Structures are given as structure tokens and as C-alpha cells.
Amino acid sequence: MEGEMLKTRDIAPGDLLFKEKPFVYVLSSRFRTERCDNCLKKNDLLKCSGCHYTFYCNKLCQKDGWAIHKLECKYLKSIGPRILPDAARMLARILKILEKGGGTRKTYYDQDHCRTFKDLMSHYDRIKEDQLRVEHVTCLYGVLFEYFNGENVPSSAELMEIYGKMCINSFNICSQELQSVGTGIYLGASILDHSCKPNVVATFEGTEIVLRALEKILFWIGLRCS
Ligand SMILES: [Zn+2]
Ligand SMILES: [Zn+2]
């Protein structure tokens, strides 16, 4: 079980509700040489000798990040010294994860309920009517086509579906100083709806999302909707 549900009732303000590792995440490219690509922390960094693109705190972080980086290292090397836009890198990582069968990987957000990437909402119909979004995804399609040398790039309709899921379900990963340092998709936390008067706050410990109650909640899954 990736997500961990601690309590379902009598939750007091400040109580921990949920902690979850991301399904996928990327470090913002503007911090590429300042923060570790794996844990997102500021550190003296070592460069990946394969691509010369990603940087890590140490061998341990590099090893930790290899499960995902091995799917992109050769592509990042081939585009150097150019920098891949963050949205394209995130999409490229998602495409590779899906290619490896990760679309059905389950994350439990309580003892009985789980989600997979396939379960995420894409708002496809709304996105394909939004000119700005269509232009963005068309541009990303071109970037990804070049990045992958045209290999295994999905149709533009499939890419728009995945792009929709990414736009709707992404969280800004913030440092302890509340600076946005990356973007991540959390399958369990994606059940949360936006509220103008939220009763839950999301913070981050490294790449892990930490949800805490802002007020007394009887059943936290019954979150206030917008
Ligand atoms: Zn690190
Ligand atoms: Zn590399």
C-alpha cells in the first residue's frame, strides 16, 4: 500500500490525515543545478555521467532516482544542451511509466479504496475546446516527438487525455520555505476537491505530500466540495 490512511474519525486540527509518495514528479528545470533531481533538496550536487542533465546529492539519491531516470537518461542526453520544458518532461515520464504498465498501479487512500492513473479525471471535452490548452498540447506533442525520435509517441488525442490528467491533478511541490520546486501527481490526494474554505492543508516532506486537518473533521473523506 503506497498511501497510508491513519484515522477516519475524530480528527483534530493539525492531525495527520495522509502521507503519500508521488506517482510521478519532476524538479523544476530552473533548479536543475541547485537541487537534487531525486529528493529536491538543495545541496552540493553530483552530475549524472550519462546525460550531464540531472544532478544528485550523492550516489544514494542517484540510485533512488534511477528507476525513473533510466527511462529518460539517453533522451535527455540527446537533446543537450537544450533544456526540456517542465510540462514536457513530466509528460515524457508519464508516457514511459504507462509504457511499462504503470497505468494500473494502485494507490490506496484508505483501507478499501484505491486509485490508478487510469482513474484520474482528464476533463478531455473541456480541454479540447480550450484554444490555449490545445496550442500548448500541440507544442508539447512536437517537443515530445523530437525528444523520443518519433518512437512510441501516442496519438494527439491520447496525448491530450494524458495532458488533461496532468493539468488537473498536478500539485506544486513546495520546499520548507514554501517555494515551489517541482510538480507531482499524487493518486490518493487527487480525490481532494478545491475549496475556497479548505479544511485540509497540503504540505511536503521532500517529494512526499502530507495532508493535515485545519479543523475538526469527523470523516475526512467527506471533504467539503467547492
Ligand atoms: Zn538528493
Ligand atoms: Zn542521466
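The values are calculated or read from the model by the stated rules, or taken from the named source; none is laboratory data. Given the structure is predicted, the values throughout are model-derived calculations rather than measurements. Positions of Cβ are generated from backbone atoms using ideal geometry, with glycine treated the same way; all protein chains shown enter the neighbour counts. These accessible areas exclude ligands, DNA and RNA; they are computed on the full protein's heavy atoms, side chains included. Shrake-Rupley method; radii C 1.70, N 1.55, O 1.52, S 1.80 Å.
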Original post:
Got a number for residues in region 90-109 being among the β-branched types (V, I, T), more than 13 Å from N152 (Cα to Cα) and either open to solvent by less than 70 Å² (accessible area, probe 1.4 Å) or part of a strand (DSSP E or B) (or both)?
Top reply: 1
**OP:** Could you check L95 against (1) out of contact with any strand residue (DSSP E or B) (no Cβ under 6 Å at 6 or more places or on another chain); (2) more than 30 Å from N43 (Cα to Cα); (3) not basic (K, R) and say which number it fails?
**Re:** (2)
Original post:
Of the residues that sit in region 38-85 and are within 14 Å of ligand 2 (Cβ to nearest atom) and among the charged types (D, E, K, R), which one is least open to solvent (accessible area, probe 1.4 Å)?
Top reply: E72
**OP:** Quick one: Y53 ticks every box in (1) within 23 Å of E158 (Cβ to Cβ); (2) among the aromatic types (F, W, Y); (3) assigned to a loop (DSSP other than H, G, I, E, B) except a single one, so which number is it?
**Re:** (1)
Subject >> Matching residues in region 24-64 - criterion: being among the hydrophobic types (A, V, I, L, M, F, W, C) and within 11 Å of ligand 1 (Cβ to nearest atom) >> reply: L27, C36, C39, L40, L45, L46, F55, C57, L60, C61
Subject >> For G182: the one exception among (1) farther than 16 Å from R93 by Cβ; (2) open to solvent by less than 60 Å² (accessible area, probe 1.4 Å); (3) of a type outside the set (D, E) >> reply: (1)
Original post:
In region 11-37, how many are open to solvent by 30 Å² or more (accessible area, probe 1.4 Å) and either part of a strand (DSSP E or B) or among the hydroxyl-bearing types (S, T, Y) (or both)?
Top reply: 5
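Residue by residue, here is whether (1) in the same structural domain as L144 (by TED's automatic domain parsing); (2) within 16 Å of T207 (Cα to Cα); (3) more than 16 Å from the chain's Cα centre (by Cα); (4) hydroxyl-bearing (S, T, Y) holds:
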position	(1), (2), (3), (4)
D44	no, no, yes, no
Y53	no, no, yes, yes
D64	no, yes, yes, no
H69	no, yes, no, no
E99	yes, no, yes, no
**OP:** Evaluate region 143-166: report whether one residue or more is modelled with pLDDT of 90 or more, within 30 Å of L16 (Cβ to Cβ) and assigned by TED's automatic domain parsing to the domain that holds G14.
**Re:** yes
**OP:** Any residue in region 51-66 that's among the hydroxyl-bearing types (S, T, Y): show its pairings with residues that are assigned to a helix (DSSP H, G or I) at Cβ separation under 6 Å, as long as the two are six or more apart or on different chains.
**Re:** Y53/L76; Y56/Q62
Subject >> Test: K21 is within 15 Å of ligand 1 (Cβ to nearest atom) and in contact (Cβ under 8 Å) with a residue 60 or more places away in the chain >> reply: yes
